[in-house]
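Trainee: Have a look at the structure that comes next, please.
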C-alpha cells in the first residue's frame, strides 16, 4: 500500500485499456443515438424502444464518468 496515494499511478498499458473502453462506450452511445432499426417505425413500441435506449445511454455515460474519474485519481 502506498503511503502517498497521489503518487500512485496505473501502468501505461492498463491506462490504455481503460481509455479504449471509454472510446468503445462513446461508439456505443453514438450507435444507440443514430442506429434506429427502421426510420418509419412509430407508435408505442418505438416510444418504449427510445426510452430504453435513453436508459442505456445514461448508464453508459455514468460508467464513462466513473472510469475517467478513476483514471484521474487512481487509488482513491
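The values are calculated or read from the model by the stated rules, or taken from the named source; none is laboratory data. Predicted model, so just to flag it, every value in this text is computed and none were measured. Glycine gets a Cβ as well: all are built from the backbone with ideal geometry, and neighbour counts include every protein chain shown.
Every residue, every condition in (1) in contact with a helix residue (DSSP H, G or I) (Cβ under 8 Å, 6 or more places away or on another chain); (2) at pLDDT 95 or above; (3) surrounded by fewer than 10 Cβ atoms within 10 Å (Cβ to Cβ), yes or no:
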position	(1), (2), (3)
1	no, no, yes
5	no, no, no
8	no, no, no
28	yes, yes, no
33	yes, no, no
36	no, no, no
40	no, no, yes
46	no, no, no
64	yes, yes, no
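Trainee: Under the condition of being outside any helix (DSSP H, G or I) and within 23 Å of residue 75 (Cα to Cα), which residue from the stretch 9-63 is nearest to the chain's Cα centre (by Cα)?
Mentor: Result: 10.
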